[in-house]
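Reviewing the structure listed below.
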Amino acid sequence: MITIAVDAMGGDHAPRSEVEGSVLAAQEYGVRVLLVGQPNVIRAELARHSPPTVPIEIVPASEVITMEDHPAQAFRRKKDSSVHVGARLVKDRVADGFVSAGNTGAVMTTAKFIMGTLSSVDRVALAAPFPNARGGVSVLLDVGANVDSKPEHLLQFGVMGEIYYRVTFGSRKPRVGLLSVGEEEIKGNELTRAVYDRLKALPVHFVGNVEGGDLFSGKVDVIVCDGFVGNIALKICEGLAMEVMKFLRKTYKSSFASQVGYLLSKGAMKGIRQTMDYSEYGGAPLLGVRGVCVIGHGRSNANAVKNAIRVAAGLARARINERIEQELSLTQVKA
């Protein structure tokens, strides 16, 4: 049975969402869950949900890393945090993966230093899945694990992202694009121009440059960029989606005629919300660490936690790190 450690103290709604999501995952996916955190708090929440037969255990951790904590300081000072303990469970092979919706920077820092990185990987990458216009899923990486990147790092991101897409979404030949300011080969900054020809030479289905407008078009499956650009793109998309939904609700409710239209279109709006719902994708895997680590949104609800556990279990079953090591060693891409 696959075992996933869950940071029960991370996220805006912890431990309620983490406990409920873990119970659902244990019931639906046949995984064993280790809830990491303060036992009394977890136990009280677990009593509201868990039937006796669900394979869930509590692993004590006395400290909590908050969203306000500085990642490096939290890593050094809070050695018995739920994030530290969860990462150590993976390192010690007690758990096959770790899920947290806590402080993203702290989770990345802790995972990198405690789990370590794969020997073939110079920089880890955070890969964010999102829906596209063709009814499928596209993946953007890196979305924040690295502020500055070298060409070799982006090449590794391309290989890791392509493997992750194959393992998770079932495509045998994902299309890989490089995020730039124009589709032409000569467009871009020094970094993207240095990457273009080398990415084309790798054993991936590289389709060339893509622009920001292609993020949701479905033109490509895997979009490669440095973490600075990727994080800004991701936050703009998240903010825009929220504001568009607010605008539509406000517009429809502004007059009687609009209210009638609003009532008639509620089904369509519900469909849009479900399609764009981040909770269906669970979270973003931190690719390149020596273990499986999935980082969820701070606002993760029970459904998001459940799906993050599903993603982590799937990556563990597919032995994604063995595939990354094998395929990167063949490309011989090193910084």
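The values are calculated or read from the model by the stated rules, or taken from the named source; none is laboratory data. All values derive from a computational prediction rather than experimental measurement. Every residue, glycine among them, receives a Cβ derived from its backbone with ideal geometry; neighbour counts consider all protein chains shown.
Worth a mention:
- Positions within the range 151-168 being free of Cβ contacts under 8 Å to residues at least 60 places away in the same chain and over 14 Å from ASP221 (Cβ atoms), in sequence order: PRO151
- Residue within the range 206-213 that is in contact with a helix residue (DSSP H, G or I) (Cβ under 6 Å, 6 or more places away or on another chain) and either of a type in the set (A, V, I, L, M) or loosely packed, with under 15 Cβ neighbours inside 10 Å (or both) present: no
- Just one of (1) of a type outside the set (Ser, Thr, Tyr); (2) farther than 30 Å from LEU179 by Cβ; (3) in contact with a Lys or Arg (Cβ under 6 Å, 6 or more places away or on another chain) fails for GLY116. It is (2).
- Test: GLU57 is in a strand (DSSP E or B) and charged (D, E, K, R): yes
- Note on the range 156-212: among residues that are basic (Lys, Arg) and more than 24 Å from the chain's Cα centre (by Cα), the one that is modelled with the lowest pLDDT is LYS187.
- Restricted to the range 119-149, and to residues there that are hydroxyl-bearing (Ser, Thr, Tyr) and out of contact with any strand residue (DSSP E or B) (no Cβ under 7 Å at 6 or more places or on another chain), the residue that is farthest from MET160 (Cα to Cα) is SER149.
- The residue that is surrounded by the most Cβ atoms within 10 Å (Cβ to Cβ), counting only those in the range 121-154 that are of a type in the set (S, T, N, Q) and either assigned by TED's automatic domain parsing to the domain that holds ASN103 or in contact with a helix residue (DSSP H, G or I) (Cβ under 7 Å, 6 or more places away or on another chain) (or both), is SER149.
- Every test in (1) surrounded by fewer than 24 Cβ atoms within 10 Å (Cβ to Cβ); (2) more than 20 Å from ASN303 (Cα to Cα); (3) more than 20 Å from the chain's Cα centre (by Cα) is passed by THR66 save one, and that test is (3).
Table: residues versus (1) surrounded by fewer than 23 Cβ atoms within 10 Å (Cβ to Cβ); (2) over 20 Å from GLY230 (Cα atoms); (3) outside the structural domain of PHE228 (by TED's automatic domain parsing).
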| residue | (1), (2), (3) |
| --- | --- |
| GLN156 | no, no, no |
| PHE169 | yes, yes, no |
| ARG172 | yes, yes, no |
| GLY182 | yes, no, no |
| LEU191 | yes, no, no |
| ALA194 | yes, no, no |
| ALA201 | yes, yes, no |
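- The range 296-319 residues that are of a type in the set (Ser, Thr, Tyr), paired with ones that are crowded, with 23+ Cβ neighbours inside 10 Å and in a helix (DSSP H, G or I) (beta carbon under 9 Å, 6 or more apart): SER300/SER17; SER300/GLU18; SER300/GLY21; SER300/ALA308
- Screening the range 1-25 for residues that are in a helix (DSSP H, G or I) and over 20 Å from the mean Cα position of the chain (by Cα) and picking the one that is nearest to VAL94 (Cα to Cα) gives VAL23.
- Considering ARG123, ARG32, the condition of being basic (Lys, Arg) and more than 20 Å from the chain's Cα centre (by Cα) is satisfied by ARG32 alone.
- Residue check, VAL36 surrounded by 18 or more Cβ atoms within 10 Å (Cβ to Cβ), touching a His at 6+ places or on another chain (Cβ under 7 Å) and either in the same structural domain as ALA313 (by TED's automatic domain parsing) or in a helix (DSSP H, G or I) (or both): no
- Look at (1) at pLDDT below 95; (2) in contact with a Cys (Cβ under 7 Å, 6 or more places away or on another chain) and you find that PRO71 fails only one, number (2).
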